[in-house]
Amino acid sequence: MSGGLRLAEPVVAPDPQWQEAFGDLVEWLGIAIDPVPAPRSAAFRKMTDWARAAAGAGGAVQFMPWQVISPVALQSGGEAHLPRADWIASYLFDHTVGAGSVRSAPLDLMLMSPHPAACVADEAGALALPRPAITEAMIRAARAEGRSRIAIIVPAALRNGFARQLLSADRALTREGLELEIIAIEQALGTLTLARPKWDALIVMPELRSIVFALLAEATGIRAAWPMLWHGARGSMLVTSEGLSEAGARLPLDAPVLIQSLAVTLHQAGMTAAGRRLHEAFVRLRDNGVVTPSRGSPAPYANTRSDTEFVSLICAGMAIGIRPVPQWRALGESLAGGTSAEPVRLTLIASNPSSQRS
């Protein structure tokens with residue numbers, strides 16, 4: 001039985017630059033790839049069939065971060081070409097480049113949404129809510145990464161419905177070590193325009209995701225694509241990128257997206273040590289002032305290299321440094337980080353600030 005990374009053949013094949021950069025990183029990490037044969041059906045090549053292909057791959061990952069998905073496609077019940085999944089998560093991680101001896105806290109945000117197909121209305125004329133199991137799965141995923149400040153951003157009319165859902169959820173999931181806030185999109189706008197949002201995880205209804213994504217991109221200055229994971233039943237997973245692009249857009253080689261997508265994929269596959277090694281190399285190279293066009297820096301000493309060159313520098317062992325590497329929660333909690341002995345209160349905000357449970 002192979003101990004390599006199980007990857008299903010991607011529905012949308014990579015460009016040569018992506019393929020070469022991916023191969024170089026895998027070789028540098030010393031990871032074997034365990035390819036899963038594609039179904040023989042010609043329909044496998046169609047974008048509309050990529051979810052069916054993933055299911056046929058026995059739970060293997062479809063790794064294709066060169067395919068950009070726009071959050072706009074999730075509106076109005078989702079466009080027909082969307083991959084099938086239960087819920088999705090994108091990651092925004094960025095740290096200060098070359099900040100001397102003191103580094104400000106990195107941006108480390110997880111943006112989740114239920115898939116539009118996983119949202120149902122419990123009665124005629126009502127707004128659709130995700131199934132309770134999907135909501136719990138998203139909260140569980142955030143907690144597994146050590147994220148404790150979660151906002152659920154919804155249309156105002158859904159606040160009470162979400163509150164009822166959470167009050168009946170597994171108490172062990174929502175009780176200790178968690179600050180959970182249900183907030184209408186209108187109330188969330190002010191915080192979303194800050195360069196450092198106060199939350200470390202967001203659960204956003206599909207129809208609001210494009211608004212939230214655009215606000216975060218503008219406020220943080222990270223307007224490039226983010227790694228995006230599509231979580232399905234029985235552990236199936238598709239890796240794409242997310243960006244405010246046209247439908248069906250393909251992303252030119254983007255080293256940060258490739259590296260972060262591969263790191264989180266390795267973690268999800270149980271190869272956390274390799275994922276953290278890749279993350280450390282990425283951070284250290286940027287600490288040395290080396291940046292890419294999509295993730296630049298205003299620092300006067302920043303050295304902008306092409307994405308191909310950036311990957312080559314990592315594989316050549318140029319990512320060196322002595323400063324501690326900031327933890328990325330997407331790769332799990334660090335054992336050295338420790339945990340607080342004092343539980344954090346759970347606050348559910350439903351229809352108004354006075355409607356709380358602690």
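Here residue 252 meets each of (1) at pLDDT below 90; (2) within 26 Å of residue 82 (Cβ to Cβ); (3) part of a loop (DSSP other than H, G, I, E, B) with one exception, condition (1).
Could you check, for the stretch 80-88, whether at least one of its residues is under 13 Å from the mean Cα position of the chain (by Cα) and at pLDDT 90 or above? Yes, the stretch 80-88 contains at least one residue that is under 13 Å from the mean Cα position of the chain (by Cα) and at pLDDT 90 or above. Give the residue, chosen from 262, 229, 266, that is closer than 20 Å to residue 142 by Cβ and assigned to a helix (DSSP H, G or I). Answer to the check: 266. I need the full set of residues from the stretch 306-318 which are charged (D, E, K, R) and buried (at least 18 other Cβ atoms within 10 Å of the Cβ), in order please. The one that is charged (D, E, K, R) and buried (at least 18 other Cβ atoms within 10 Å of the Cβ): 307. Taken over the stretch 296-319, the residue count meeting the criterion of being free of Cβ contacts under 8 Å to residues at least 60 places away in the same chain and among the small types (Gly, Ala, Ser) is 5. If I filter the stretch 283-292 for residues that are surrounded by 14 or more Cβ atoms within 10 Å (Cβ to Cβ), out of contact with any strand residue (DSSP E or B) (no Cβ under 9 Å at 6 or more places or on another chain) and at pLDDT 95 or above, do I get at least one hit? So far as the stretch 283-292 goes, no, none of its residues is surrounded by 14 or more Cβ atoms within 10 Å (Cβ to Cβ), out of contact with any strand residue (DSSP E or B) (no Cβ under 9 Å at 6 or more places or on another chain) and at pLDDT 95 or above.
Scanning the stretch 256-275 for residues that are open to solvent by less than 10 Å² (accessible area, probe 1.4 Å) and touching a Lys or Arg at 6+ places or on another chain (Cβ under 8 Å) gives 256, 263. With respect to (1) crowded, with 21+ Cβ neighbours inside 10 Å; (2) in a loop (DSSP other than H, G, I, E, B), the lone exception for residue 278 is condition (2).
If we keep just the residues of the stretch 319-339 that are modelled with pLDDT of 95 or more and closer than 22 Å to residue 30 by Cβ, which is surrounded by the fewest Cβ atoms within 10 Å (Cβ to Cβ)? Restricting to residues being modelled with pLDDT of 95 or more and closer than 22 Å to residue 30 by Cβ, the top hit is 331.
For the stretch 17-32, the set of residues classified as loosely packed, with under 15 Cβ neighbours inside 10 Å and outside any helix (DSSP H, G or I) consists of 30, 32, listed by residue number.
Residue 45 satisfies every condition listed in (1) under 30 Å from residue 317 (Cα atoms); (2) modelled with pLDDT under 90; (3) open to solvent by 40 Å² or more (accessible area, probe 1.4 Å) except (1).
Would it be correct to say that residue 214 is at pLDDT 95 or above and within 20 Å of the chain's Cα centre (by Cα)?
It is true that residue 214 is at pLDDT 95 or above and within 20 Å of the chain's Cα centre (by Cα).
State whether the residues of the stretch 200-216 include one that is touching a Ser or Thr at 6+ places or on another chain (Cβ under 9 Å), open to solvent by 40 Å² or more (accessible area, probe 1.4 Å) and farther than 23 Å from residue 68 by Cβ. No: zero hits.
The values are calculated or read from the model by the stated rules, or taken from the named source; none is laboratory data. These numbers were taken from a predicted model, which means no experiment stands behind them. No Cβ is skipped: glycine too gets one built from the backbone with ideal geometry, and neighbour counts run over all protein chains shown. Surface areas here come from the heavy atoms of the whole protein model, side chains and all, with no ligands, DNA or RNA. Shrake-Rupley method; radii C 1.70, N 1.55, O 1.52, S 1.80 Å.
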